[in-house]
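Single-structure report; data block below.
The values are calculated or read from the model by the stated rules, or taken from the named source; none is laboratory data. As the structure is a prediction and not an experimental result, all values here were calculated from the model. Using ideal geometry, Cβ is built from the backbone for each residue, glycine included, and neighbour counts are taken over all protein chains shown. Side chains included, ligands, DNA and RNA excluded: accessible areas come from the protein's heavy atoms. Shrake-Rupley method; radii C 1.70, N 1.55, O 1.52, S 1.80 Å.
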Amino acid sequence: MDGKRQYCPCSSPEDDTPPIPVCQNFMVPKKEISMFPDMGKWKRSQAYADYMGFILTLNEGVKGKKLTCEYKVSETIEKLLVLLGTLDRWIDETPPEDQPSRFGNKAYRTWYAKLDQEAEGLVAAVIPEDKAAAAPEIAVYLKEAVGNSTRIDYGTGHEAAFAIFLCCLCKIGALRVDDQLAIIFKVFDRYLVVMRKLQKTYRMEPAGSQGVWGLDDFQFLPFIWGSSQFVDHPTLEPKHFVDEKVVNENHHDYMFLECIKFINEMKTGPFAEHSNQLWNISAVPTWSKVNQGLIRMYKAECLEKFPVIQHFKFGSLISIQPVKP
């Protein structure tokens, strides 16, 4: 370290105060939202403030930048890529079973059992030795981030768990403010590749899907951060992402287009029919308006929905305690 104050990416873009030192009493996270009236507790919580601060700080950080731009890749980022590479390798080592039902291949449960067993060790290999006590707490979010082994489904709540996993790594100082671009462009992008492979290999069901009325069957955050990448782009406008030629030529640079490419590969028929919400978004005049609209939609459709939030788990790092005034 160079003696400068380190700011936690969990703080909001406007927040110019150093992070409060994290309490060292780590705990295994547990569910706290059991009934709809508990949602108020979630909205007022430190967890909600930290999570939205994290999402918005990263959103600001990737504005106008390509996936292929140059950025710092720290040792922790490299370790996270090794972790994700391990999860990827386990998919290859756990082929789908022959079974009569089309969806929800049971081999996923074998794959998940391995992660369940190894998660703490995987996390311990990423975090500093002096923060080893945090591994059991942070490992819970890694396990939550890959889908549900009972239902063999995956959705935006699982995706949020991975963002919380990364936020926890920021809170204990394993990831730093200058890791922001690598968090999205290296780690989160690699996470998406592994999740798409899981979805395809084990024919996972979308968790809580709204069908054509939802933004996407599985993901949301890459559309937020991906639209931020396009802000003030000289030539590509929102209307262009429904053009398959534009998608194929530019998806290596833009997370949003990677998502559209995956949808195009997985779904048949007119885009306006199978992805109606995205089709509507293509009519929005500017990327900054798309970005702002997606943030509002994310809050309304994911973070304010009891069926999603009831599965969230809270501990010492992601705390259900109310925000301190």
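Brief remarks follow.
- Of the residues making up region 196-214, just one is open to solvent by 80 Å² or more (accessible area, probe 1.4 Å), over 22 Å from W287 (Cα atoms) and part of a helix (DSSP H, G or I), namely K200.
- Output for region 67-105, where each listed residue is outside any helix (DSSP H, G or I) and loosely packed, with under 15 Cβ neighbours inside 10 Å: T68, C69, E70, K72, P95, E97, D98, Q99, P100, S101, R102, F103
- Boolean, D179 is within 30 Å of K79 (Cα to Cα), modelled with pLDDT of 95 or more and in a helix (DSSP H, G or I): yes
- In the condition set (1) touching a residue at least 12 places away in the same chain (Cβ under 8 Å); (2) surrounded by fewer than 16 Cβ atoms within 10 Å (Cβ to Cβ); (3) outside any loop (DSSP other than H, G, I, E, B); (4) of a type outside the set (G, A, S), C302 is compliant with all but (2).
- Contact map, region 311-325: residues that are touching a residue at least 24 places away in the same chain (Cβ under 8 Å) paired with residues that are open to solvent by 10 Å² or more (accessible area, probe 1.4 Å) and assigned to a strand (DSSP E or B), Cβ distance under 6 Å, separation 6+ or inter-chain. Pairs shown: K313/K30; K313/K31.
- Subset of region 215-262 [of a type in the set (D, E), under 20 Å from S288 (Cβ atoms) and open to solvent by 40 Å² or more (accessible area, probe 1.4 Å)]: D232, E237
- Residue list for region 128-171, filter: part of a loop (DSSP other than H, G, I, E, B), β-branched (V, I, T) and either open to solvent by 10 Å² or more (accessible area, probe 1.4 Å) or touching a Pro at 6+ places or on another chain (Cβ under 7 Å) (or both): T150
- Taking region 133-189 as the range and being within 22 Å of A49 (Cβ to Cβ) and of a type in the set (S, T, Y) as the test, the residues that pass are Y141, T156.
- Residue among K289, K313 that is more than 21 Å from the chain's Cα centre (by Cα), open to solvent by 20 Å² or more (accessible area, probe 1.4 Å) and modelled with pLDDT of 95 or more: K289
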